[in-house]
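A short worksheet on the structure shown next.
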Amino acid sequence: MKKVLALVLTLMLVLTAVGTAMAAKVGISMPTKSLQRWNEDGAYLQAEFEAAGYEVELQYAGDNDVPTQVAQLETMLLNGCDVLVITAIESTALGTVLATAKEMGVKVVCHDRIIMDTDAVDYYATFDNFQVGEIQGQYVVDTLDLANGAGPFNIEFIAGDPGDNNAYYFYDGAQSKVKEYLDNGQLVCVSGQTDFDVVATPSWSTATAQARMDDVIAAFYAGGTPLDVVLCSNDSTAQGATNALVAAGFEAGEGYPIITGQDCDIASMKNILKGLQSMSIFKDTRILAARTVTIVNSILAGVEVETNAVVNNNVFDVPTYYSTPLFADINNYVELLIDSGYYTADQLAE
């Protein structure tokens, strides 16, 4: 009898383990492989989840192709994923597939981009995106000594993808720091292009940012009018601005504009070392990946998920965990990026 009981207990343990293994399947949906940022996020997430013992299905949605992302999420549901970790291409485009996920009891974690207009999301892991913009704007204020009355200086703006809800936070955060100086004339936007809808860059495209900057330079700065700042929301748009400036004959050194960025892409870090970009926001994707895994661990363990904020997605306040962004420039990049192991010195060398 004892042997039978022991055998039953062993079988129960095996079945429990199998059930747990089957439940511990995570689908990761990334928007594109064309930006370094999302390649890093996908790789870090996959490594972290697999190290924690999860089965992982990682998919990239072509080059920011919404129908592809929807189809991939549908496949993940069919393949038995119990949690979906999603960086959405369009913040309002996933409602139908997420409604299906909710009906199936599949939890959804928004990774760095909030998904709007749905109650079928559960948690959001990100950086404080308004603070990202604040840091960029404050960098401009401090570098130009605006608080002590310096100026006037000429500034242009390049914002992000209007389909990415984060882009509004970045832009509004930056504007919160520079608007008073636009209002009092210490900063002058010669083109007059300050509305988000005008300065937005679909898909965060470098080529699109460059084309618009080409037009702005030709129309407003070709006659020798100084351009002192291009406040760009991320590195791919900053690279577009830099390409346009170099093509127009701007050279690194005195008189070259302040260029802001975000993500510390290798190409932009090389531009910082060459004096062609001033700074970039460092959002350590290793930290964000670890936080997303921690959230999923808590979900599947049925314990309280640690959060420190909420973000309203037009339907409800989504429980959120904010990590803290920093900025890298020529003065601190070694400590921040190389000493921390994020990059090697060789990766940033020409």
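The values are calculated or read from the model by the stated rules, or taken from the named source; none is laboratory data. Values in this document were obtained by computation on a predicted structure and should not be read as measured data. So basically every Cβ, Gly included, is an ideal-geometry build from the backbone, and we count neighbours across all protein chains shown.
Annotations
- Complete set of residues in the stretch 169-208 that are within 16 Å of the chain's Cα centre (by Cα) and over 13 Å from ALA159 (Cβ atoms): THR206
- Entirely in the stretch 238-350, the helices (runs of 4 or more DSSP H) that have 2 or more residues that are within 24 Å of GLY224 (Cα to Cα) and outside the structural domain of ALA24 (by TED's automatic domain parsing): 266-274
- Qualifying residue in the stretch 152-162 (condition: farther than 25 Å from ALA211 by Cβ and of a type outside the set (Lys, Arg)): yes
- Any chance LEU227 is within 19 Å of VAL216 (Cβ to Cβ), at pLDDT 95 or above, not polar (S, T, N, Q) and not in a helix (DSSP H, G or I): yes
- Residue check for VAL85: aliphatic (A, V, I, L, M), within 19 Å of THR292 (Cα to Cα) and touching a Gly at 6+ places or on another chain (Cβ under 9 Å): yes
- Restricted to helices (runs of 4 or more DSSP H) entirely inside the stretch 91-190, those with at least 3 residues that are at pLDDT 95 or above and among the acidic types (Asp, Glu) are 165-183.
- Test for ALA222: is it modelled with pLDDT of 95 or more, farther than 22 Å from GLY62 by Cα, out of contact with any Asp or Glu (no Cβ under 9 Å at 6 or more places or on another chain) and small (Gly, Ala, Ser): no
- TYR124 under 29 Å from LYS33 (Cα atoms) and either buried (at least 19 other Cβ atoms within 10 Å of the Cβ) or not assigned by TED's automatic domain parsing to the domain that holds PHE316 (or both): yes
- Every listed requirement among (1) farther than 30 Å from GLU50 by Cβ; (2) touching a Lys or Arg at 6+ places or on another chain (Cβ under 8 Å) is met by TYR342 save one, (1).
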